[in-house]
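Report on the following structure.
The values are calculated or read from the model by the stated rules, or taken from the named source; none is laboratory data. Because the structure is a prediction, the values reported are computed rather than measured. Please note: Cβ atoms are built from the backbone with ideal geometry, for glycine as well, and neighbour counts cover all protein chains shown.
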Amino acid sequence: MPSILLRSGRERSLQQRHPWVFSGAIAAVRGNANNGQSIDVYAANGEWLARGFYSANSQIQVRLATWEAEQPLDEAWLQSRLTRALAGRAHLASQPHHACRLVFSEADGLPGLIVDRYGQYLSIQCLIPAMVERRDTLIALLVEMLAPEGIYEHSDAEICTREGLTPHEGLLWGRPPEGHVLVEPLTRASAQGSPTVLRVDLAGGQKTGHYLDQAYNHERVAVYCHQAEVLDGFCYSGGFSVAAARAGASRMTLIDSSAAALDLARANVGANAPGADVELVDGDMFQILRQYREQARRFDVVILDPPKFAHSQRHLERAARGYKDINLLAMQLLRPGGILATFSCSGLVAPDLFQKIVAGAARDARREVQLIERLTQSSDHPVLLTFPESEYLKGLLCRVW
């Protein structure tokens with residue numbers, strides 16, 4: 001088996017079980033290491049540290065998968081990791097129509113693999129060469145374990161490009177659904193009345209079909225939406241708006257740059273809250289909020305759930321400006337005592353930095369802002385304590401005076 005020798009002093013993170021080895025930590029690659037191959041990692045003194053998957057074209061050249069020297073990264077290993085991940089979510093996906101994340105990459109010890117469940121369908125992402133090479137084995141195991149009606153792939157194009165992979169989209173196995181897939185999102189609250197049912201566009205949806213990581217936050221934000229005028233920015237399929245409508249929002253303005261997303265959001269709100277007062281706006285969020293400011297429009301609740309602004313370290317400063325601008329505009333549109341629910345899914349934007357950005361927006365907007373709650377991803381996206389990068393979603397629930 002090929003191996004990697006680390007530079008002196010670079011073994012500490014591996015000993016603490018962080019699963020990434022960056023190219024700058026590597027002194028030498030020994031043997032014929034091929035993309036996607038299992039590879040052993042040694043400290044500078046020759047001590048064996050861990051075993052993982054090699055990615056020659058990535059800054060993260062090894063993603064570690066075991067710290068047990070006798071554990072091969074074979075089909076039995078893959079099956080055992082999948083079994084553990086599914087067992088950890090058995091209480092979340094107990095019904096055939098539930099939607100949740102079943103495998104969350106490094107956080108589940110399966111680097112470069114994401115598996116989401118949407119009722120009887122699965123959506124996967126194979127994001128490193130090792131998982132692309134094991135795709136057929138993975139599909140066979142998922143079919144055996146879960147008996148889905150179909151399996152789609154929606155691998156993140158940006159990540160695939162960084163890994164030197166060709167992004168793959170489409171149906172991998174089984175039969176396509178007839179139209180949208182109907183699912184129930186995760187919930188923390190005891191069901192009162194009929195459950196929320198969302199339409200998911202697996203064939204053409206963003207990411208893997210729906211933003212599962214916000215499921216609990218939909219409920220938390222909805223608490224403040226009763227009889228409120230709500231602006232749902234970057235609404236996509238309307239998860240926040242559905243929750244707000246069911247909580248009794250008096251009027252909702254949904255904004256997205258995708259007409260297809262707005263159509264899906266309209267259908268989701270209409271199915272779950274018939275008669276809800278909904279305004280759909282197709283366009284650029286920044287421009288629309290500036291227009292509303294000029295028109296002196298005001299809202300009781302503003303929700304900001306933008307796409308990732310920081311795609312790499314060199315984009316961080318520009319991303320910070322974007323987050324500040326959009327939050328400043330939102331604060332200017334809120335009535336005194338209104339609620340701002342603002343999120344960042346950019347892993348490069350640390351929680352303390354995000355809070356500083358929002359505080360800076362408050363100063364520039366000349367508004368006094370209180371932090372009510374910190375929000376994060378739902379429990380089907382667990383955080384591995386030795387891998388803080390697995391906690392990527394940051395949310396601040398604020399009252400704006």
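Looking across the range 34-57, the residues that are surrounded by fewer than 18 Cβ atoms within 10 Å (Cβ to Cβ) and not in a strand (DSSP E or B) come down to ASN34, ALA44, ASN45, GLY46, GLU47, ALA56, ASN57. Among the residues making up the range 215-254, a single one is in contact with a Lys or Arg (Cβ under 8 Å, 6 or more places away or on another chain), assigned to a strand (DSSP E or B) and either assigned by the TED database to the domain that holds ALA99 or of a type in the set (D, E, K, R) (or both): GLU229. Per this entry, ASP284 is not counted among residues that are touching a residue at least 40 places away in the same chain (Cβ under 8 Å) and not hydroxyl-bearing (Ser, Thr, Tyr). Candidates LEU304, LEU333: the one that is within 22 Å of VAL221 (Cβ to Cβ) and touching a Lys or Arg at 6+ places or on another chain (Cβ under 9 Å) is LEU333.
List pairs: first residue in the range 33-51 and closer than 18 Å to ARG7 by Cα, second residue modelled with pLDDT of 95 or more and of a type in the set (Lys, Arg) anywhere in the structure, Cβ distance under 6 angstrom, at least six positions apart or on different chains. Close Cβ pairs satisfying both conditions: ASP40/ARG51.
From the list ARG30, ARG81, ARG63, ARG51, the one residue that fits, being charged (D, E, K, R) and out of contact with any Pro (no Cβ under 9 Å at 6 or more places or on another chain), is ARG81. Just one of the listed residues (LEU122, LEU92, LEU138) is out of contact with any Lys or Arg (no Cβ under 7 Å at 6 or more places or on another chain), buried (at least 23 other Cβ atoms within 10 Å of the Cβ), not assigned by the TED database to the domain that holds ARG30 and not in a helix (DSSP H, G or I), and it is LEU122.
Only a single criterion out of (1) at pLDDT 90 or above; (2) of a type outside the set (A, V, I, L, M); (3) buried (at least 20 other Cβ atoms within 10 Å of the Cβ); (4) part of a loop (DSSP other than H, G, I, E, B) is not satisfied by GLY209, namely (1).
Just one of the listed residues (ALA99, ALA90) is among the aliphatic types (A, V, I, L, M) and closer than 20 Å to VAL197 by Cβ, and it is ALA99.
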